[in-house]
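The values are calculated or read from the model by the stated rules, or taken from the named source; none is laboratory data. Keep in mind that this is a model prediction, so the values were computed, not measured. Please note: Cβ atoms are built from the backbone with ideal geometry, for glycine as well, and neighbour counts cover all protein chains shown. What goes into the accessible areas is simple: the full protein's heavy atoms, side chains included, and nothing from ligands, DNA or RNA. Shrake-Rupley method; radii C 1.70, N 1.55, O 1.52, S 1.80 Å.
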Amino acid sequence: GGHDHAGDAAAPLDEAAISTFLHATRTRVAAYAVAGQYAVRNPEHELRAQALIEEITGHPASLASALAHALDAPRRALTAALNARIIGRIAALIAAVRRALDDHAIAAPLFVVKGDGTLAPAAQIAARPIETILSGPAASAIGAKFLSGLADLVVADIGGTTTDIAVLEGGWPRLDREGARVGGHRTLVQAIAMNTFGLGGDSEVRLAPEGGATLLPGRVWPLALLGARWPGVIAILRAALAHPEGEPHAGRFALRIAEPHGLSGREAEVFGRIGAAPTPLGAFLRGPLARRALERLVAQGAVALGAFTPSDAAHVLRRQDQWSREAAVLGALLLCRASRMLGPGDPEAQAASVAEEVFDAVLTGSGRALIASLAETPLDAAAPLVDAAVSGRGRLGRLAVALRPVWPVAAVGGPAPVFYPALGDRLGCRVLLPEHAEVANAVGAAVAMSVARAVVEITGVGLGRWRVHHAGAPIPLADPSEALALARQLAEAAAVAGARAAGAAEGTVAIHLDRIDLPGMPGDAGLIAATIVAEFAARPGTNPGEV
């Protein structure tokens, strides 16, 4: 099967071969992906293959033409394959949420946030789960916009592990024109343009012997949190600090958080030495084999590590106070002794000095992340200028250096109030800490709009001939103005139908036209090609089929 660029069948669809393949595989697979050549110009073969899949196997089929409209056959096929791969997982998630709603006697329509910050009904997401890629950061961006009351802003969402930075313009997040990445693969899914950096309140810290702190990308539990939940941790930290020669791995812990499966002998041995309460690494970590076994347990999610973090530094500096400051101070001193020499001076002052280095590393890293995200150009050659701007020095040689966002920065996430006001002072930019910013993600999901999009294309296929490509077979026309009018009508009708199927309330339809014309031709006579996108935006309504 497949079609050519004009939407004509390149070869008949071999239904017998498809049927044979489906009978041979239906007991071994859970979902299928269907990708036909030039299916965006004519989806008939993909639709027929989908009907055969549902008839013979009863399994879901992901159509490449339904997920993406760009003329990039390999990436359309990849997008469909990845979508099919995660259908089972999203179905299980949606089923679990529905059970929770039933348990609480909540009769309400269920919507899911998509990667572009809009909402879609759960039934639609069950068939197209790949559209939820980056939905979490997108929801945070929409929530920050709502809480700040601004339409143009930069959103910095700092959590325990990462910092996500996005830009909203005119009230909508900018989208990644190249398509979202999934597992390292570039897809054709529309999603928020998000820059993610391994920088969070729970990043593990390393001190350089010559001065300065480095934040590692892995997430660990803060010592202040461990000390608050398990007071015995404080006694362990005190004993480690009192040890005359210092202990290996002092100030670092492991604790069980889940039951693992399929462990090797070495992994089982290491796991057996770790308790449900934090266990010092020095109590069981002997040699590289044990270290690699621990790394595998952490990667599986069976074990978590605890160590000194920026959250601990904030406790030492009294910028946070919800957990154990004593554990944080002891951790700072142990970290200093492991990397440098502890002096004879006041321990509080030495701990504060370490914490200031860590705090400065967070501000510097956050500033670099902001500037790198907003520059929209490689900054390698300008690295010294960037460092001068984000370091707080503000000068390079005899140059005064200042770099700051042109729009306000809305900082959300748990650690945002700790670090971002100081970053705003350092960069000279306006930083907003909206009320309820810690739940911006949930707010974004609650206030997001439902948007149904439909794309119709027009192609010129010869002198005085045009074709309108939509959800069915191409429609040939001899008048370009008629082709444009029909394309608009079909796109608008498809967008409205999609919105109604999604349970959207009354809304508005916006039409976007992108066209290519021969120069010097009057009216529409020079039309070569056009893409018409219709968008129906509305607050989600109540669809009885979704309750």
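What does the extension gain come out to for Ala529 and Ala283, with contour length at 0.36 nm per residue minus their alpha carbon separation?
81.6 nm
If I model a spin label at Ala51 and Leu396 as a point 7 Å from the Cα along the Cα→Cβ vector, what separation in nanometres do I get?
6.4
If you stretched the chain out fully between Ser481 and Ala497, how much longer would it get, using 0.36 nm times the residue separation minus the C-alpha to C-alpha distance?
Result: 3.3 nm gained on full extension.
Calculate, for His261 and Leu110, the FRET efficiency according to 1/(1 + (r/R0)^6) with r their C-beta to C-beta distance and R0 45 Å; round to the nearest 0.05.
E between His261 and Leu110, to the nearest 0.05, is 0.90.
Sorting Arg266, Arg128 by accessible area (1.4 Å probe), largest first, what list results?
Arg266, Arg128
Find out how many positive minus negative residues lie around Glu506, taking Lys and Arg as positive, Asp and Glu as negative, among other residues whose Cβ is under 11 Å from that of Glu506.
+2
Applying the Karplus parametrisation 6.51 cos²θ - 1.76 cosθ + 1.60 with θ = phi - 60° to the phi angles of region 425-440, what ³J(HN,Hα) value in whole Hz is obtained for each residue in order, glycine and proline being reported as x?
Once rounded to whole Hz, the list reads 5, 5, 8, x, 10, 7, 10, 9, 10, x, 4, 6, 4, 5, 10, 4.
Describe numerically, in nm with one decimal, the distance between label points set 7 Å from Cα along Cα→Cβ at Ala349 and at Asp380.
A separation of 4.5 nm, rounded to one decimal place.
With the contact rule set at Cα under 8 Å and sequence spacing of 6 or more, what percent relative contact order holds for region 409-547?
Over region 409-547, the number comes to 25 percent.
Would you work out if region 428-547 is rounded, prolate or oblate? Take a ≥ b ≥ c from the square roots of the eigenvalues of the alpha-carbon gyration tensor; rounded if a/c is under 1.5, else prolate when a/b is larger than b/c, oblate otherwise.
oblate
Within region 218-244, whose backbone N sits under 16 Å from a point 7 Å along Cα→Cβ of Ser339?
218, 220, 223
Please arrange Thr196, Thr309 by accessible surface area, largest first, computed with a 1.4 Å probe and ligands excluded.
Accessible-area ranking of Thr196, Thr309, largest first: Thr196, Thr309.
Please label the shape of region 1-103 as rounded, prolate or oblate, based on the square roots a ≥ b ≥ c of the eigenvalues of the alpha-carbon gyration tensor (a/c under 1.5 means rounded; beyond that, a/b larger than b/c means prolate, else oblate).
In terms of gyration-tensor shape, oblate.
Starting from the 7 Å offset along Cα-to-Cβ, what nm value, one decimal, do you get for the label separation of Arg430 and Arg26?
Spacing of the two 7 Å Cα→Cβ label points: 6.2 nm.
Count charges around Asn195 for me, please; just the other residues with Cβ under 14 Å from its Cβ, Lys/Arg as +1, Asp/Glu as -1.
So the surrounding residues net to -2.
Report the relative contact order of the chain, percent, no decimals, based on alpha-carbon pairs under 8 angstrom and at least 6 residues apart.
Relative contact order here is 14 percent.
Counting only the heavy atoms of the protein chains, how much of Asp14 is accessible to a 1.4 Å probe, in Å² to the nearest 10?
Number for this one is 80 Å².
Please compute the net charge surrounding Ala448, taking Lys and Arg as +1 and Asp and Glu as -1 over other residues with Cβ under 13 Å from its Cβ.
Taking every Cβ under 13 Å from that of Ala448, the sum is +2.
Cβ neighbours within 10 Å, averaged per peptide: list 486-492, 519-525 in order, most packed at the top.
Packing proxy ranking, top to bottom: 486-492, 519-525.
Working with all protein chains in place, sort His69, His243 by solvent-accessible area computed with a 1.4 Å probe, largest first.
His69, His243
Mind giving me the FRET efficiency for Glu210 and Asp387? R0 is 22 Å, r the Cβ-Cβ distance, nearest 0.05 is fine.
Computed FRET efficiency for Glu210 and Asp387 comes out at 0.85.
Looking at the square roots a ≥ b ≥ c of the eigenvalues of the Cα gyration tensor of region 34-189, which shape do they give, rounded for a/c under 1.5, prolate if a/b is larger than b/c, or oblate?
It is oblate, given that a/c is not under 1.5 and a/b is not larger than b/c.
Taking the Cβ-Cβ separation of Glu295 and Ala17 as r and a Förster radius of 56 Å, what is the calculated FRET efficiency to the nearest 0.05?
Efficiency, from the Cβ-Cβ distance: 0.75.
Compute the relative contact order of region 216-359 as a whole-number percentage, counting only Cα pairs closer than 8 Å that sit 6 or more residues apart in sequence.
In percent, rounded to a whole number, it is 32.
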